[in-house]
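The values are calculated or read from the model by the stated rules, or taken from the named source; none is laboratory data. Bear in mind the structure is a predicted one, so any value in this text is a computation, not a measurement. Counting neighbours? That spans all protein chains shown, and the Cβs are built from the backbone with ideal geometry, glycine included.
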Amino acid sequence: MIESRTRSLFLSLAVALGWPSIGLSQEAAPDGEPDFPVEAGILVDGVFQRCEGIAFNGEGSLYVAGNAALWRVETTGEVTKIADMYSNLGLAPIGDRDILMADFGPTNRFNLGPNSDGIVWRVTPEGDTTRVVDGGIGDPNFVMVLADGSFLVTDDATDEILWVGEDGQPRLFTDAVGHPNGIALSSDGSTLYVAQIFESLRPTVTSGKVWAVSLEEGDLAALPELLVDLGDAAANDGLALDEHGRLYVAANGFGQVWRVDPVSGETVLIAEDMPGAASIAFGQGAFDHEAIYVTSTRTGKVWEVEVGAKGAPLHR
């Protein structure tokens, strides 16, 4: 634990000083693993002003939330609009074919103050939409489906992570982490990882913290523990886990993706020069299964980044 904290403090200082490659965990790459950091390839450019949510459905098709709509993306980078929305937040696969999409709704706290008109949509590949959550939440951001078909949704304008069951009514799961954004669940279900994007909204101070929340039978078992702090300017956004249990963090403010090993504390800069790096999804279907796909809230690009590992299985 002391070694991990020391590493986190050193990492924060190095990032704050702008060191592009700080030598943390930059040993020779294992067989099959690229020599990090790697250069991100561009899958989509010139289509979206901004995009955020990204997910593969159960058929292996890629979906992106951009320009206040849901889109399907081909391996060629061509896109097809599926449905219009109010905003373009987090996505998650659900069932065999559908996508859950978080949507701020008609208003949002960032511009208009507290509200409760947030929406979570269920969208078919044909564009049929159902409001599975219609109010009772302010500004839903990231969505994650659980084994029983219920799901968690974060509200990064507050401190709330909410649980939603069959009745569609959001119930508080935890408010132990301030301004939660991306979340990811360990394969054994014992740890929920939470990316904190803000320290405060007014004044706006961003955060680089990622927290580990211990769970027991799906409920909180202990107070959150700090896993890593990338520095306040990181503005942590999306998270994803690989098949080895390592966590990928989109540092939106730095335009970088980092990998953190929760067991060893190893921290690796995966890719940089990605302004507004937002949500992350591992390739499926016809896409590269050992690459992550990353959206941008600043440029609207969708990047493909080789990481040499597959994603952890997701609940649908």
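Data for the structure
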{"quantity": "The stretch 268-281, subset surrounded by fewer than 24 Cβ atoms within 10 Å (Cβ to Cβ) and touching a Gly at 6+ places or on another chain (Cβ under 8 Å), residue farthest from Val194 (Cα to Cα)", "calculated": "Asp273"}
{"quantity": "Residue list for the stretch 190-207, filter: within 23 Å of Ala312 (Cβ to Cβ) and in contact with a Gly (Cβ under 7 Å, 6 or more places away or on another chain)", "calculated": "Ala195, Gln196"}
{"quantity": "Residue check for Leu24: at pLDDT 95 or above, touching a strand residue (DSSP E or B) at 6+ places or on another chain (Cβ under 8 Å) and part of a loop (DSSP other than H, G, I, E, B)", "calculated": "no"}
{"quantity": "In the stretch 150-183, the residues that are over 24 Å from Val205 (Cβ atoms) and either in contact (Cβ under 8 Å) with a residue 60 or more places away in the chain or among the polar types (S, T, N, Q) (or both)", "calculated": "Ser150, Gln169"}
{"quantity": "Residue match in the stretch 117-137 (condition: outside any strand (DSSP E or B) and in contact (Cβ under 8 Å) with a residue 60 or more places away in the chain)", "calculated": "yes"}
{"quantity": "Unique residue being over 21 Å from Gly285 (Cβ atoms), in a loop (DSSP other than H, G, I, E, B) and not β-branched (Val, Ile, Thr) when the list is Gly58, Gly77, Gly105", "calculated": "Gly105"}
{"quantity": "Residue within the stretch 75-93 that is modelled with pLDDT under 95 and more than 23 Å from the chain's Cα centre (by Cα) present", "calculated": "no"}
{"quantity": "Total residues in the stretch 146-165, condition more than 19 Å from Trp211 (Cβ to Cβ) and surrounded by 19 or more Cβ atoms within 10 Å (Cβ to Cβ)", "calculated": "2"}
{"quantity": "Test for Leu100: is it without any contact (Cβ under 8 Å) to a residue 60 or more places away in the chain and out of contact with any Leu (no Cβ under 8 Å at 6 or more places or on another chain)", "calculated": "no"}
{"quantity": "Scan of the stretch 164-193 for residues that are closer than 15 Å to Asp219 by Cα, under 17 Å from the mean Cα position of the chain (by Cα) and of a type outside the set (A, V, I, L, M), ordered by number", "calculated": "Ser186, Thr191, Tyr193"}
{"quantity": "Count of the stretch 173-224 residues which are in a loop (DSSP other than H, G, I, E, B), touching a Pro at 6+ places or on another chain (Cβ under 9 Å), among the β-branched types (Val, Ile, Thr) and farther than 22 Å from Thr267 by Cβ", "calculated": "0"}
{"quantity": "Filter result for Val132 (at pLDDT 95 or above and touching an Asp or Glu at 6+ places or on another chain (Cβ under 9 Å))", "calculated": "no"}
{"quantity": "Checklist (1) in contact with a Pro (Cβ under 7 Å, 6 or more places away or on another chain); (2) at pLDDT 95 or above applied to Asp117, failing item", "calculated": "(2)"}
{"quantity": "Selection within the stretch 266-286 - in contact with an Asp or Glu (Cβ under 6 Å, 6 or more places away or on another chain) and under 21 Å from Glu243 (Cβ atoms)", "calculated": "Ser279"}
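So that you can scan it fast, the table gives a plain yes or no per residue for (1) of a type in the set (Val, Ile, Thr); (2) part of a loop (DSSP other than H, G, I, E, B); (3) over 15 Å from the mean Cα position of the chain (by Cα):
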| residue | (1), (2), (3) |
| --- | --- |
| Gly265 | no, yes, yes |
| Ile270 | yes, no, yes |
| Ala281 | no, no, no |
| Asp288 | no, yes, yes |
| Ile292 | yes, no, no |
| Trp303 | no, no, no |
| Gly308 | no, yes, yes |
| Leu314 | no, yes, no |
